[in-house]
Amino acid sequence: MHHLKIIITKQNGKQSVGQGFSPNELKEAGLNKQQAKQIGIRVDIKRKSTYQENVDCLKAHAKQAKAKAETAPKKPKPTFKSKQKS
């Protein structure tokens, strides 16, 4: 997966790269914090703003991650041999 860029618009109109997506953006994209961290998405709990570009980016990334998870083979559970006392 590629690195997601978080776009933040400052008060003077300039855009910069943020530290993570806001919880409101995650909610609009249909994700929670735990799912976001599993996918590798950074979350900035201090942010309160919501930008539609970020929500669209999150939706696309989550869709790709779900498709990749469905096609990836699952790891077998490890089997442990019990130690027999002699």
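Key figures
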{"item": "Candidates K46, K14, K33, ranked by Gaussian network fluctuation over the chain, Cα under 10 Å, top entry", "result": "K14"}
{"item": "Anchor K68: aspartates and glutamates whose Cα lies under 17 Å away (excluding residues fewer than 8 positions away in-chain)", "result": "none"}
{"item": "Contact order relative to length of the chain, as percent, for alpha carbon pairs under 8 angstrom and 6 or more apart", "result": "25 percent"}
{"item": "The chain - accessible surface per residue (Å², probe 1.4 Å)", "result": "85 Å²"}
{"item": "D_trans [Stokes-Einstein, Kirkwood Rh over alpha-carbon pairs] for the chain, 4 °C, 1.567 mPa s, µm² s⁻¹", "result": "86 µm²/s"}
{"item": "Long-range HN-HN contacts of F21 with modeled amide H, under 5 Å", "result": "R42, V43, D44"}
{"item": "Cross-link table K14/K46; K10/K37; K48/K74; K10/K66, entries beyond 30 Å C-alpha to C-alpha", "result": "K48/K74; K10/K66"}
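The values are calculated or read from the model by the stated rules, or taken from the named source; none is laboratory data. Just so you know, these numbers come straight off a predicted model, no measurement behind them. Accessible surface is based on the protein model in full, side chains and every heavy atom, while ligands, DNA and RNA are left aside. Shrake-Rupley method; radii C 1.70, N 1.55, O 1.52, S 1.80 Å.
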